[in-house]
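None of the figures in this text is laboratory data; all of them are computed from the coordinates on show. Since this is a predicted model, take the numbers as computed values, not measurements. For neighbour counting, all protein chains shown are included, and Cβ atoms are generated from backbone atoms with ideal geometry for every residue, glycine included.
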Amino acid sequence: MSFEVPKIENYKFYLDVAFKKARTKSSQKKIGPSSDKLTKIKILEFTKIETINSVLNSKLRNIIISFPNFENLTEFYTELVRTTIDYKELKKSLGAMDWANKKTSEFSRQYKSKIRGSKTIEDIRKHSQQYYGRISSVLKQISKNLAFLEETRKIMREFPSIKDNIFTVAIAGFPNVGKSTLLSKITTAKPEIKSYAFTTKKLNMGYIKTETRKAQLIDTPGTLDRFNKMNNIEKIAYLAIKYCTNMIIYTFDLTEPYPLKDQKKLLKKLREFDKPIINYLSKTDILDKKTVSDFKKKTKVVTDLEELKKIVMEEMKKY
Ligand SMILES: Nc1nc2c(ncn2[C@@H]2O[C@H](COP(=O)(O)OP(=O)(O)OP(=O)(O)O)[C@@H](O)[C@H]2O)c(=O)[nH]1
Ligand SMILES: [Mg+2]
C-alpha cells in the first residue's frame, strides 16, 4: 500500500497549464488555405476548448486516482487514517474533483456547440470568453478542496511503510536518549542522528536478518504519554507500537537532563501495551562504571548490543 501522492497545486496552476497548452496547440494547428476566416477561427477555438478540456480532465482524474483506496487496510492503517485524516472531508474533496471534471466536459461540449452555430467572429469571441469564464469559475469553486487534498497528502507522506506479518520491534524512549543511534548500530539503517532532542520526525525502519528470518525495527520519535495532546507523528508512533510491534526496546539514558523518574514513568506507560519489553542503557561509554553497575543492580537492563540482538532473536523464535 503506497500513501505517496504527487503534489496537488492550487486551482490557478491547473488553469494556467490548461490555457497555456491551449494557446500552444492552436498556434501549431494547420488549417487548409481554402477555409474562410470564420471557419478558421472556429477550428482554432475548437482546438483550444478541446485542449483545455483534455488537460483539466487528465489533471483532475490523476488527483482522484492518486489517492489510495482506504478499504481493506490493516487495522494499523485503518486506525492511522481514522486518527490523522478527516475521511469524510477527503471523500467530499475527491467528489468535488469529479464534479469539476464533469462540469468542465459539459461546458466544453456546450460551448463548442455554441461556437459551431455562430454566424459572426464577434459571436465566437463572446462565446469563447464566456467559456473561459465558466471554466475558471468551476476550478475556483474547488479551490478549498484542492487545498484540503494537499494538506491530506502531506499527512499521508508521514505514514510509515510498516511490513505486515513480520516480527516487529519498536525502539522507544525519551528524546535524545540514543534511539536512532541504536537502530543504526544494530541494523543497516542510516537514520538522522543529532545532538539535540526531537531529531527523529518520522518513523525510521531497519532490519535485523538471520539466515532464515528477518526482524523489523521501528525507531520512534517523541514521548508517548499524552495521546490527546500528541502531534501526528507521535500518534503514528503510538499506533505503530500498539498495532504493529511484537516487542519493545526501551532506551534509558543516564546522561540526560530528563530525570530518571520520568524515564521510568514512560516505561510504565509502555507496559500498558502488554508486550515484552527489554531495557537498553545507552551511552555507557561515557558513563562511569559505578553509575552503570548501580543502575544494573536496580533495573534489569542490557548494555551490550550483541546481547540485545540475541534477546530479540530469541523472542522472534516464539513468534
Ligand atoms: N557517547 C555516546 N553518545 C551517544 C550514544 N547514543 C547516542 N549518542 C548521542 O546522543 C545524541 C542523540 O542521539 P540520537 O540517536 O539522535 O537520539 P534519539 O533518541 O534518536 O533522539 P530523538 O530522535 O531526538 O528522540 C547524539 O549526539 C548521539 O551521537 C552512545 O551510546 N554513546
Ligand atoms: Mg531519533
Q.
Translational diffusion coefficient of the stretch 11-157 at 10 °C, 1.306 mPa s, Stokes-Einstein with Kirkwood Rh over Cα pairs, in µm²/s as a whole number.
A. 93 µm²/s
Q) Between their Cα atoms, which of Lys163/Lys283; Lys194/Lys317; Lys20/Lys59; Lys190/Lys317 are more than 24 Å away from each other? A) Lys163/Lys283; Lys194/Lys317; Lys190/Lys317
Q: Once you've got the GNM for the chain with C-alpha springs shorter than 10 Å, pick whichever of Ser128, Ser180, Ser293 has the biggest mean-square fluctuation.
A: Ser293
(Q) Quick check on the stretch 174-226: what are the equivalent-ellipsoid semi-axes from the Cα gyration tensor, as sqrt(5λ), descending, whole Å? (A) 22, 12, 8
Q: Calculate the radius of gyration of the Cα atoms of the stretch 167-318 to one decimal place, then report Dmax, the largest Cα-Cα distance, as a whole number, both in Å.
A: 14.5, 42
Q: Provide, for q = 0.06, 0.09 Å⁻¹, the log10 of I(q)/I(0) from a solvent-free Debye sum over equal Cα point scatterers in the chain.
A: -0.37, -0.62
(Q) How would the stretch 272-312 be classified by its alpha-carbon gyration tensor: rounded, prolate or oblate, with rounded meaning a/c under 1.5 and the a/b versus b/c comparison settling the rest? (A) oblate
(Q) Under the rule of at least 5 residues apart or a separate chain, name every residue whose amide H is placed under 5 Å from the amide H of Tyr207. (A) Thr188, Ala189, Leu217
Q: In whole Hz, with x marking every Gly and Pro, tabulate ³J(HN,Hα) for the stretch 244-253 from phi via Karplus 6.51 cos²θ - 1.76 cosθ + 1.60, θ = phi - 60°.
A: 10, 9, 9, 7, 10, 9, 9, 9, 9, 9
Q. Between Thr51, Thr39, Leu149, whose Cα lies farthest towards the positive end of the dipole of the stretch 11-157 when Lys and Arg beta carbons carry +1 and Asp and Glu beta carbons carry -1, centred on the Cα centre?
A. Thr39
Q | Other-chain or far-sequence residues with amide H under 5 Å of Tyr280's (modelled H) | A | Tyr250, Thr251, Phe252, Val302
Q.
Rounded to two decimals, what is the ratio between the C-alpha radius of gyration of the stretch 92-217 and 2.2 N^0.38 Å?
A. 1.97
Q. From the backbone phi of the stretch 275-291, what are the Karplus-calculated ³J(HN,Hα) couplings (6.51 cos²θ - 1.76 cosθ + 1.60, θ = phi - 60°) in whole Hz, Gly and Pro given as x?
A. 10, x, 10, 10, 8, 10, 9, 8, 6, 5, 5, 10, 9, 6, 4, 5, 4
